[in-house]
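Before any comments, here is the structure.
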Amino acid sequence: MNPSSELHVVRVRAVRRENPSTVTLVLPKTFEAAPGQFVMVWDVGGAEKPFGVSRQTAEETSVTIRAVGPTSEKLCALQPGDAVGIRGPFGTCFSVAENALLVAGGVGAAPLRFLAETLRQKNMVPRWLVGAKTADELCYPDEADAVATDDGSFGEAGSVVALAEKELAHGKYAVVQACGPKGMLRAVKALAEKAGLPAELSVERIMRCGVGLCGSCALDDGRCACREGPVLRFG
Ligand SMILES: Cc1cc2nc3c(=O)[nH]c(=O)nc-3n(C[C@H](O)[C@H](O)[C@H](O)COP(=O)(O)OP(=O)(O)OC[C@H]3O[C@@H](n4cnc5c(N)ncnc54)[C@H](O)[C@@H]3O)c2cc1C
Ligand code: FES
(Lines give C-alpha, C1' and ligand atoms only; values in the text may rest on other atoms or scores of the structure.)
(Ligands and ions follow the chains in the order given, each with its own letter.)
Protein backbone atom coordinates (compact mmCIF):
# COMPACT_ATOMS: atom_id res chain seq x y z
CA MET A 1 0.00 0.00 0.00
CA ASN A 2 1.20 3.52 -0.79
CA PRO A 3 2.09 4.92 2.68
CA SER A 4 0.18 8.15 1.84
CA SER A 5 -3.08 6.28 1.46
CA GLU A 6 -2.80 4.56 4.82
CA LEU A 7 -5.31 6.01 7.28
CA HIS A 8 -4.09 6.56 10.84
CA VAL A 9 -6.70 7.17 13.50
CA VAL A 10 -4.95 9.13 16.27
CA ARG A 11 -5.83 11.11 19.40
CA VAL A 12 -5.55 14.88 19.41
CA ARG A 13 -2.63 15.80 21.71
CA ALA A 14 -3.30 19.52 22.03
CA VAL A 15 -5.46 22.27 20.60
CA ARG A 16 -4.25 25.84 20.16
CA ARG A 17 -6.69 28.61 19.26
CA GLU A 18 -5.14 30.92 16.66
CA ASN A 19 -8.10 33.29 16.30
CA PRO A 20 -11.90 33.13 16.76
CA SER A 21 -12.43 30.91 13.69
CA THR A 22 -9.15 28.97 13.52
CA VAL A 23 -7.47 26.29 15.63
CA THR A 24 -4.28 24.27 15.38
CA LEU A 25 -4.63 20.55 16.13
CA VAL A 26 -1.43 18.92 17.37
CA LEU A 27 -1.41 15.22 16.43
CA PRO A 28 1.08 12.41 16.93
CA LYS A 29 3.47 12.12 13.99
CA THR A 30 2.62 9.23 11.67
CA PHE A 31 4.70 10.20 8.60
CA GLU A 32 7.39 12.60 7.41
CA ALA A 33 6.13 15.64 5.42
CA ALA A 34 7.88 18.46 3.57
CA PRO A 35 6.77 22.12 3.83
CA GLY A 36 3.90 22.80 1.42
CA GLN A 37 2.52 19.27 1.43
CA PHE A 38 -0.98 18.60 2.67
CA VAL A 39 -2.80 15.82 4.51
CA MET A 40 -6.35 14.49 4.42
CA VAL A 41 -7.96 14.87 7.83
CA TRP A 42 -10.99 12.69 8.59
CA ASP A 43 -13.71 13.78 10.95
CA VAL A 44 -14.29 10.24 12.28
CA GLY A 45 -17.62 8.99 10.92
CA GLY A 46 -17.93 12.05 8.69
CA ALA A 47 -16.00 13.56 5.76
CA GLU A 48 -12.31 13.84 4.94
CA LYS A 49 -10.83 17.21 3.83
CA PRO A 50 -7.38 18.53 2.79
CA PHE A 51 -5.27 20.72 5.11
CA GLY A 52 -1.66 21.89 4.86
CA VAL A 53 0.86 20.73 7.47
CA SER A 54 1.56 23.76 9.66
CA ARG A 55 4.36 22.27 11.78
CA GLN A 56 6.21 19.01 12.16
CA THR A 57 8.55 17.98 14.94
CA ALA A 58 10.22 14.66 15.78
CA GLU A 59 7.00 13.50 17.47
CA GLU A 60 4.15 15.67 16.27
CA THR A 61 2.34 16.91 13.15
CA SER A 62 0.14 20.03 13.34
CA VAL A 63 -2.63 21.23 11.06
CA THR A 64 -4.26 24.66 11.30
CA ILE A 65 -7.95 24.66 10.39
CA ARG A 66 -10.31 27.55 9.72
CA ALA A 67 -14.00 26.77 10.31
CA VAL A 68 -15.78 27.53 7.04
CA GLY A 69 -18.25 24.65 6.68
CA PRO A 70 -19.54 21.44 8.29
CA THR A 71 -16.34 19.37 8.41
CA SER A 72 -13.92 22.13 9.34
CA GLU A 73 -16.35 23.29 12.06
CA LYS A 74 -16.38 19.79 13.58
CA LEU A 75 -12.59 19.50 13.37
CA CYS A 76 -12.21 22.91 15.05
CA ALA A 77 -14.39 21.69 17.93
CA LEU A 78 -12.14 18.68 18.72
CA GLN A 79 -10.59 18.49 22.19
CA PRO A 80 -7.39 16.82 23.43
CA GLY A 81 -7.98 13.05 23.55
CA ASP A 82 -10.59 13.05 20.74
CA ALA A 83 -10.02 10.73 17.77
CA VAL A 84 -9.29 11.99 14.24
CA GLY A 85 -8.09 10.31 11.06
CA ILE A 86 -5.08 11.45 9.07
CA ARG A 87 -3.60 10.33 5.73
CA GLY A 88 -0.65 11.74 3.88
CA PRO A 89 1.50 13.45 2.96
CA PHE A 90 0.27 14.53 -0.49
CA GLY A 91 1.38 16.94 -3.19
CA THR A 92 4.36 19.06 -4.08
CA CYS A 93 6.43 21.10 -1.65
CA PHE A 94 8.19 24.48 -1.42
CA SER A 95 11.91 24.61 -2.09
CA VAL A 96 14.02 25.13 1.02
CA ALA A 97 16.35 27.91 -0.09
CA GLU A 98 18.22 30.95 1.21
CA ASN A 99 16.84 34.50 0.66
CA ALA A 100 13.18 33.56 0.49
CA LEU A 101 10.34 36.05 0.87
CA LEU A 102 7.31 34.28 2.37
CA VAL A 103 3.92 35.93 1.90
CA ALA A 104 0.81 34.54 3.64
CA GLY A 105 -2.84 35.58 3.62
CA GLY A 106 -5.26 34.34 6.30
CA VAL A 107 -5.09 30.62 6.99
CA GLY A 108 -2.71 30.40 4.01
CA ALA A 109 -0.08 31.04 6.69
CA ALA A 110 -0.37 27.35 7.69
CA PRO A 111 2.06 25.75 5.17
CA LEU A 112 4.34 28.80 5.27
CA ARG A 113 4.77 28.45 9.02
CA PHE A 114 6.16 24.93 8.45
CA LEU A 115 8.41 26.36 5.73
CA ALA A 116 9.61 29.31 7.90
CA GLU A 117 10.44 26.96 10.78
CA THR A 118 12.26 24.53 8.50
CA LEU A 119 14.35 27.36 7.00
CA ARG A 120 15.21 28.78 10.43
CA GLN A 121 16.21 25.32 11.70
CA LYS A 122 18.66 25.14 8.78
CA ASN A 123 20.09 28.54 9.78
CA MET A 124 18.58 30.26 6.77
CA VAL A 125 16.95 33.64 7.29
CA PRO A 126 13.63 33.99 5.47
CA ARG A 127 11.53 37.12 5.65
CA TRP A 128 8.02 36.02 6.57
CA LEU A 129 5.02 38.34 6.08
CA VAL A 130 1.50 37.49 7.24
CA GLY A 131 -1.70 39.37 6.54
CA ALA A 132 -5.45 39.10 6.87
CA LYS A 133 -8.54 41.26 6.52
CA THR A 134 -8.72 41.88 10.29
CA ALA A 135 -6.82 40.94 13.47
CA ASP A 136 -9.50 38.30 14.08
CA GLU A 137 -8.42 36.40 10.94
CA LEU A 138 -4.65 36.51 11.49
CA CYS A 139 -2.62 33.36 12.06
CA TYR A 140 0.72 33.36 13.94
CA PRO A 141 1.24 37.17 14.05
CA ASP A 142 3.85 36.68 16.82
CA GLU A 143 5.93 34.27 14.74
CA ALA A 144 6.10 36.33 11.53
CA ASP A 145 8.60 39.11 10.74
CA ALA A 146 5.92 41.62 9.70
CA VAL A 147 2.14 41.75 9.83
CA ALA A 148 -0.52 43.67 7.90
CA THR A 149 -4.29 43.84 8.23
CA ASP A 150 -6.58 45.43 5.65
CA ASP A 151 -8.42 47.41 8.35
CA GLY A 152 -5.28 48.29 10.35
CA SER A 153 -6.53 46.42 13.46
CA PHE A 154 -3.08 44.74 13.88
CA GLY A 155 0.31 45.51 12.37
CA GLU A 156 0.57 47.75 9.35
CA ALA A 157 -2.66 48.98 7.73
CA GLY A 158 -3.09 47.61 4.21
CA SER A 159 -2.63 44.37 2.38
CA VAL A 160 0.19 41.90 2.80
CA VAL A 161 0.79 42.35 -0.95
CA ALA A 162 1.72 46.00 -0.31
CA LEU A 163 4.14 44.82 2.41
CA ALA A 164 5.67 42.36 -0.06
CA GLU A 165 6.05 45.10 -2.68
CA LYS A 166 8.03 47.24 -0.21
CA GLU A 167 10.23 44.26 0.70
CA LEU A 168 10.98 43.48 -2.92
CA ALA A 169 11.94 47.11 -3.57
CA HIS A 170 14.63 47.03 -0.85
CA GLY A 171 15.61 43.43 -0.05
CA LYS A 172 17.67 40.92 -1.99
CA TYR A 173 15.53 37.86 -2.56
CA ALA A 174 15.96 34.70 -4.61
CA VAL A 175 12.39 33.42 -4.53
CA VAL A 176 8.90 34.48 -3.45
CA GLN A 177 6.81 31.78 -1.75
CA ALA A 178 3.16 32.40 -0.99
CA CYS A 179 -0.15 30.90 0.08
CA GLY A 180 -3.49 32.65 0.45
CA PRO A 181 -6.63 33.65 -1.41
CA LYS A 182 -6.68 33.57 -5.22
CA GLY A 183 -6.55 37.37 -5.69
CA MET A 184 -3.61 37.72 -3.33
CA LEU A 185 -1.68 34.97 -5.12
CA ARG A 186 -2.34 36.61 -8.49
CA ALA A 187 -0.94 39.90 -7.14
CA VAL A 188 2.10 38.20 -5.56
CA LYS A 189 2.82 36.39 -8.82
CA ALA A 190 2.74 39.73 -10.69
CA LEU A 191 5.12 41.26 -8.12
CA ALA A 192 7.55 38.38 -8.48
CA GLU A 193 7.43 38.65 -12.28
CA LYS A 194 8.13 42.39 -12.08
CA ALA A 195 11.10 41.71 -9.78
CA GLY A 196 12.38 38.98 -12.13
CA LEU A 197 12.05 36.33 -9.42
CA PRO A 198 10.53 32.85 -9.47
CA ALA A 199 7.31 32.45 -7.49
CA GLU A 200 6.22 29.30 -5.69
CA LEU A 201 2.51 29.52 -4.97
CA SER A 202 0.45 27.10 -2.94
CA VAL A 203 -2.89 27.13 -4.71
CA GLU A 204 -5.98 25.84 -2.96
CA ARG A 205 -8.81 24.91 -5.27
CA ILE A 206 -11.92 22.91 -4.66
CA MET A 207 -10.88 19.36 -5.45
CA ARG A 208 -13.34 16.75 -6.64
CA CYS A 209 -11.66 13.84 -8.44
CA GLY A 210 -8.18 14.55 -7.02
CA VAL A 211 -6.47 12.92 -10.02
CA GLY A 212 -6.53 15.55 -12.77
CA LEU A 213 -9.69 14.44 -14.58
CA CYS A 214 -12.63 16.67 -13.65
CA GLY A 215 -11.04 20.11 -14.21
CA SER A 216 -12.45 21.46 -10.92
CA CYS A 217 -9.00 22.56 -9.76
CA ALA A 218 -7.60 23.67 -13.16
CA LEU A 219 -5.46 26.81 -13.39
CA ASP A 220 -5.37 29.27 -16.30
CA ASP A 221 -2.21 27.60 -17.64
CA GLY A 222 -3.87 24.17 -17.75
CA ARG A 223 -2.09 22.72 -14.72
CA CYS A 224 -4.24 20.99 -12.09
CA ALA A 225 -3.75 21.92 -8.44
CA CYS A 226 -4.52 18.33 -7.39
CA ARG A 227 -2.06 16.57 -9.69
CA GLU A 228 0.74 19.11 -10.11
CA GLY A 229 0.24 21.11 -6.87
CA PRO A 230 -0.58 22.39 -4.42
CA VAL A 231 2.78 24.20 -4.73
CA LEU A 232 3.32 25.38 -8.32
CA ARG A 233 6.42 27.19 -9.58
CA PHE A 234 6.17 30.13 -11.96
CA GLY A 235 9.11 31.85 -13.65
C1 LIG B 1 -4.31 21.45 -0.83
C2 LIG B 1 -5.23 22.15 0.14
C3 LIG B 1 -4.73 22.58 1.36
C4 LIG B 1 -5.57 23.25 2.27
N5 LIG B 1 -5.05 23.66 3.46
C6 LIG B 1 -5.86 24.26 4.36
C7 LIG B 1 -5.35 24.64 5.64
O8 LIG B 1 -4.16 24.45 5.96
N9 LIG B 1 -6.22 25.19 6.52
C10 LIG B 1 -7.55 25.42 6.21
O11 LIG B 1 -8.30 25.91 7.06
N12 LIG B 1 -8.05 25.08 5.00
C13 LIG B 1 -7.24 24.49 4.08
N14 LIG B 1 -7.76 24.11 2.87
C15 LIG B 1 -9.20 24.33 2.60
C16 LIG B 1 -10.02 23.25 3.29
O17 LIG B 1 -9.79 22.01 2.67
C18 LIG B 1 -11.51 23.62 3.22
O19 LIG B 1 -11.74 24.77 4.00
C20 LIG B 1 -12.35 22.48 3.76
O21 LIG B 1 -12.34 21.43 2.85
C22 LIG B 1 -13.77 22.95 4.00
O23 LIG B 1 -14.57 21.81 4.26
P24 LIG B 1 -15.98 21.99 4.98
O25 LIG B 1 -16.73 20.71 4.86
O26 LIG B 1 -15.81 22.52 6.34
O27 LIG B 1 -16.69 23.13 4.15
P28 LIG B 1 -17.32 23.06 2.68
O29 LIG B 1 -18.80 23.03 2.83
O30 LIG B 1 -16.69 22.00 1.86
O31 LIG B 1 -16.85 24.48 2.12
C32 LIG B 1 -17.22 25.70 2.81
C33 LIG B 1 -16.91 26.88 1.91
O34 LIG B 1 -15.51 26.95 1.64
C35 LIG B 1 -15.26 26.88 0.24
N36 LIG B 1 -14.09 26.00 0.01
C37 LIG B 1 -13.94 24.73 0.40
N38 LIG B 1 -12.74 24.24 0.02
C39 LIG B 1 -12.12 25.25 -0.63
C40 LIG B 1 -10.87 25.38 -1.28
N41 LIG B 1 -10.01 24.36 -1.36
N42 LIG B 1 -10.56 26.56 -1.84
C43 LIG B 1 -11.42 27.59 -1.80
N44 LIG B 1 -12.64 27.54 -1.19
C45 LIG B 1 -12.98 26.39 -0.63
C46 LIG B 1 -16.53 26.26 -0.36
O47 LIG B 1 -16.77 26.72 -1.67
C48 LIG B 1 -17.61 26.78 0.55
O49 LIG B 1 -18.00 28.07 0.20
C50 LIG B 1 -6.94 23.47 1.93
C51 LIG B 1 -7.44 23.04 0.71
C52 LIG B 1 -6.60 22.39 -0.19
C53 LIG B 1 -7.16 21.93 -1.49
S1 FES C 1 -9.75 17.76 -8.61
FE2 FES C 1 -10.37 17.01 -10.54
S3 FES C 1 -8.85 17.79 -11.87
FE4 FES C 1 -8.12 18.34 -9.89
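Per residue, how big is the convex hull around the C-alpha atoms of the chain? Give it to me in cubic angstrom, could you?
Value for the chain: 119 Å³ per residue.
Leaving out ligands and nucleic acids, note down the accessible area per residue over the chain with a 1.4 angstrom probe, in whole Å².
Per-residue accessible area for the chain comes out at 46 Å².
For the range 64-124, what is the convex hull volume of the alpha-carbon atoms per residue, in Å³?
Enclosed volume per residue, from the Cα hull, is 122 Å³.
Quickly estimate the mean residue ellipticity at 222 nm for the chain, helices only: each DSSP H run with n ≥ 4 gives -39500 (n - 2.57), and the total goes over all residues, rounded to 500.
Computed mean residue ellipticity for the chain: -6000 deg cm²/dmol.
Across 10 Å bins from 0, what is the distribution of all Cα-Cα pair distances for the range 3-80, in whole percents?
Whole-percent P(r) values from 0 Å outward: 18, 59, 23, 0.
Tell me the carbon and sulfur percent of the accessible area for the range 102-216, rounded to whole percent, probe radius 1.4 Å.
Within the range 102-216, the accessible surface is 52 percent carbon and sulfur.
Report ³J(HN,Hα) in whole Hz for each residue of the range 51-63, in order, from the Karplus equation J = 6.51 cos²θ - 1.76 cosθ + 1.60 where θ = phi - 60°; Gly and Pro get x.
Karplus values, whole Hz, x for Gly and Pro: 9, x, 6, 9, 6, 9, 10, 4, 10, 9, 10, 10, 10.
Sequence-distant or interchain residues sharing an amide H contact under 5 Å with Thr61, placed H: which?
So Thr61 has HN proximity to Leu27, Lys29.
Pull up all non-local amide H partners of Gln177: gap of 5 or more, or a different chain, and H-to-H distance under 5 Å with H placed in the peptide plane.
Those qualifying (amide H under 5 Å, at least 5 residues apart or on another chain) are Leu101, Leu102, Val103, Glu200.
Scan around Gly158 for amide H atoms under 5 Å from its own, H built in the peptide plane at 1.01 Å from N, and keep only partners 5 or more places away or cross-chain.
Close amide H contacts, sequence-distant or interchain: Thr149, Asp150, Asp151, Gly152.
Among residues other than Glu59 whose Cβ falls under 14 Å from its Cβ, what is the net charge (Lys/Arg +1, Asp/Glu -1)?
+2
If you take the C-alpha gyration tensor of the range 77-203, multiply each eigenvalue by 5 and take the square root, what semi-axes do you get, largest first, in whole Å?
Equivalent ellipsoid semi-axes, largest first: 24, 19, 14 Å.
Give a residue-ordered list of calculated ³J(HN,Hα) values for the range 214-219 (Karplus: 6.51 cos²θ - 1.76 cosθ + 1.60, θ = phi - 60°; whole Hz; x for Gly, Pro).
7, x, 4, 10, 6, 9
Could you sort Tyr140, Tyr173 by their accessible area in this structure, using a 1.4 Å probe and putting the largest first?
Tyr173, Tyr140
Which entries of Lys29/Lys189; Lys29/Lys74; Lys133/Lys166 show an alpha-carbon separation above 25 angstrom in the structure shown?
Lys29/Lys189, as the Cα separations exceed 25 Å there.
The values are calculated or read from the model by the stated rules, or taken from the named source; none is laboratory data. No experiment lies behind these values; they were computed from the predicted model shown. Here Cβ is always computed from backbone atoms with ideal geometry, including for glycine, and neighbour counts include all displayed protein chains. Accessible surface is based on the protein model in full, side chains and every heavy atom, while ligands, DNA and RNA are left aside. Shrake-Rupley method; radii C 1.70, N 1.55, O 1.52, S 1.80 Å.
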